[in-house]
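Working notes for the structure below.
Every number in this text was worked out from the coordinates using simple rules, so none of it is lab data. Just so you know, these numbers come straight off a predicted model, no measurement behind them. All Cβ positions, glycine included, derive from the backbone under ideal geometry; neighbour counts span all protein chains shown.
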Amino acid sequence: MTYQRILTLILLTACINGLTGCRLDPPATVTVEKIDITEVEEDKAPNALDSSFTALLQKKRAEGFDFVALGQEPGWSLDLDSGNLIRFTSYAMPAINSPWIVPVTKENTTTYTTSTESATMEISIVQDSCADVMSGQLYSHAVTVRIKRGTDKDFKTFKGCGTFVN
């Protein structure tokens, strides 16, 4: 990952957290600790995002989840524990925990439709490469979650990426 991309991600994070004036252009002068990567190709250079992603997958695996999906705007996550639980969390609404349901699979798409006392949830998982819009992390599946809570007239749609952890 290039220094400019790393700096842009840092500035974007600061912008979201209200720490800057939301200027996404990197400053003209940047002081960066020197790292010798002359013998490593750029696409094979060590990547902090890869290590945090690996740590996330290890954590989810330890918790018993088989599949994890993440999305942005607003931040959300979906965890599937085959045979036990479907869990959706988001900054935009309270968490939804649903008992496991048998999905329907057609070609490269797996669909779950579940209802709880508080919400109806439709999950579509498509086997297609997907890149996280904030981090650029690559995933093996594109995921869409549609949720309709209580008296809502319309579904709220969340789009993101996911992968199997086992």
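Suppose the chain between residue 58 and residue 92 were pulled fully straight at 0.36 nm per residue; how much longer would it get relative to their current alpha carbon spacing? Please report the intermediate quantities before stating the final value.
Values: separation 34, 0.36 × 34 = 12.24 nm, distance 2.60 nm.
Extending this stretch completely gives an extra 9.6 nm.
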**Report entry** Theoretical gain in end-to-end length, residue 154 to residue 118 [0.36 nm per residue, Cα-Cα removed]
**Finding:** 11.5 nm
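Got a sec? How would 78, 138 order by Cβ neighbour count within 10 Å, fewest to most?
On the way: 78 25, 138 14.
Placing the least packed residue first, the sequence is 138, 78.
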